[in-house]
Amino acid sequence: MPASIEVYNPMSAYNGAIKTLEKNGIRATKQRRVLAKIIFDKGKRHISAENLFDEVKKEERKISMATVYNTLKQFTSLGLIKEIVVDQNKSLYCNNNQSH
C-alpha cells in the first residue's frame, strides 16, 4: 500500500485555529482572524512578530504591534503555534506542530 501523503491545507489550519479559539472561550475577533489567516495561509513556516506585523501592514490592516505580540502568545499557549527562542531579544513562531 502506498504511504499516505500529508497535504498541507492552509484553510483547514486556519479553520482549526478559529475553532480552537472558540472552544477555549476566546472570541475570534477580526484582528485574531486576520493574524491567523496570515500565519496559516502561506504553508508551514517560521515567522517573527516583526515579519508578521510587516505582512499585516502590506495588507493595509490596522493591527498594533502589541496586538501581534499578544495574539502570538495566546496562540502559543493554545498550542496552535510553537515559540522558538532565538536569543533573549528574538523569537520565531512556527505554525507546524509536527516534529521536525
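Among the residues making up the range 11-35, those that are part of a loop (DSSP other than H, G, I, E, B) and in contact (Cβ under 8 Å) with a residue 24 or more places away in the chain are ASN24, ILE26. Please find, within the range 51-89, the residue that is nearest to the chain's Cα centre (by Cα) out of those that are open to solvent by 80 Å² or more (accessible area, probe 1.4 Å) and touching a residue at least 12 places away in the same chain (Cβ under 8 Å). Checking each candidate, the answer is TYR69. GLY25 meets the conditions (1) exposed (fewer than 15 other Cβ atoms within 10 Å of the Cβ); (2) within 11 Å of the chain's Cα centre (by Cα); (3) modelled with pLDDT of 95 or more in every case but one. The failed one is (2).
Free of Cβ contacts under 8 Å to residues at least 60 places away in the same chain, in contact with a helix residue (DSSP H, G or I) (Cβ under 7 Å, 6 or more places away or on another chain) and either open to solvent by less than 90 Å² (accessible area, probe 1.4 Å) or in a loop (DSSP other than H, G, I, E, B) (or both): does that describe ILE38? Criteria met by ILE38.
The values are calculated or read from the model by the stated rules, or taken from the named source; none is laboratory data. Because the structure is a prediction, the values reported are computed rather than measured. Backbone-built Cβ (ideal geometry, glycine too); neighbour counts: all protein chains shown. Surface accessibility is based on the protein's heavy atoms, side chains included, excluding ligands, DNA and RNA. Shrake-Rupley method; radii C 1.70, N 1.55, O 1.52, S 1.80 Å.
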